[in-house]
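For reference, the structure is listed below as structure tokens.
The values are calculated or read from the model by the stated rules, or taken from the named source; none is laboratory data. From a predicted model like this one, the values you see are computed outputs, not experimental measurements. A quick note on method: Cβ atoms are made from the backbone with ideal geometry, for glycine too, and the neighbour counts reach across all protein chains shown.
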């Protein structure tokens with residue numbers, strides 16, 4: 001894809017202490033599976049995002065190892081129990097070694 | 001095929017699905033994984049450890065019109081405390097060219113061992129889910145998804 005993958009993350013800006021919040025993430029990426037063939041019959045090489053991680057104030061929260069069976073423009077939702085204010089860091093790792101990062105702040109109180 | 005933008009219309013999605021279906025037919029007999037391949041993957045991870053049914057709520061559509069984008073939601077019943085939580089969840093598609101779909105790593109900070117994503121399914125098949133608890137116990141669940149090729153509502 002010509003465009004650089006753009007992550008989009010939805011995190012509530014505020015949460016009560018102990019509240020369970022849902023985090024939804026989406027990133028634009030073709031997730032080329034390595035199974036398809038081009039018009040000349042040659043296999044299009046695999047190029048997917050193979051790992052998604054979420055951490056809060058530097059501590060790991062959630063991770064997903066994605067395989068080629070994950071759809072294009074991968075969506076990932078998960079939960080987090082809010083206890084203190086801080087910042088999320090979301091990282092997507094590409095097969096080609098590049099990394100895409102998004103950060104979101106959460107205020108608890 | 002056009003890259004899927006965020007404004008992906010139903011028509012382009014269906015067209016993409018139909019093209020993919022056609023491509024897989026033209027490619028002839030592609031090698032598909034089967035239940036044995038999933039069992040082999042699990043053996044690599046956990047050896048011959050016994051697995052119990054239950055605890056897992058695997059939410060997939062019974063019929064998926066478009067195999068390119070099939071929503072999957074998994075939730076494992078657990079208090080998610082330091083002492084008792086879900087460590088990881090693996091999801092496999094037994095009828096895809098490669099069995100692996102996704103492996104999740106949870107921590108007690110999640111509060112709830114639940115996650116949803118979207119996957120590709122090449123054909124009608126079983127989805128197999130295995131959850132590993134912090135005490136090492138394994139749980140498994142299975143669900144079947146019918147994939148309608150060509151969108152004729154089989």
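Would you mind telling me which numbered condition in (1) modelled with pLDDT of 95 or more; (2) in a loop (DSSP other than H, G, I, E, B) residue B:117 fails?
Answer for residue B:117: the failing condition is (2).
In the range B:121-130, how many are surrounded by fewer than 24 Cβ atoms within 10 Å (Cβ to Cβ) and either at the interface with chain A (Cβ under 9 Å from one of its Cβ atoms) or in a loop (DSSP other than H, G, I, E, B) (or both)?
3
Looking at (1) crowded, with 18+ Cβ neighbours inside 10 Å; (2) closer than 24 Å to residue B:40 by Cβ, can you tell me which one residue B:68 breaks?
(2)
Within the range A:7-67, considering only strands (runs of 3 or more DSSP E) that don't extend past its boundaries, which have at least 3 residues that are facing chain B (nearest Cβ under 9 Å) and in contact (Cβ under 8 Å) with a residue 60 or more places away in the chain?
Passing ranges: none, list empty.
Across the range B:42-67, what is the number of residues that are touching a residue at least 60 places away in the same chain (Cβ under 8 Å), farther than 23 Å from residue B:123 by Cβ and assigned to a loop (DSSP other than H, G, I, E, B)?
Count: 5.
Could you tell me whether residue A:79 is in contact with a strand residue (DSSP E or B) (Cβ under 6 Å, 6 or more places away or on another chain), at negative phi and crowded, with 22+ Cβ neighbours inside 10 Å?
Judged against the criteria, residue A:79 is not a match.
Which of (1) over 20 Å from residue B:74 (Cβ atoms); (2) at pLDDT 95 or above; (3) surrounded by 21 or more Cβ atoms within 10 Å (Cβ to Cβ) does residue A:55 not meet, given it meets every other one?
Among (1) over 20 Å from residue B:74 (Cβ atoms); (2) at pLDDT 95 or above; (3) surrounded by 21 or more Cβ atoms within 10 Å (Cβ to Cβ), the lone unmet condition for residue A:55 is (3).
Going through the range B:68-112 one residue at a time, which ones are part of a loop (DSSP other than H, G, I, E, B), facing another protein chain (nearest Cβ under 9 Å) and without any contact (Cβ under 8 Å) to a residue 60 or more places away in the chain?
Hits for the range B:68-112 are B:68, B:69, B:80, B:107, B:111, B:112.
For the range B:19-30, state whether one or more residues are within 12 Å of chain A (Cβ to nearest Cβ) and at pLDDT 65 or above.
no
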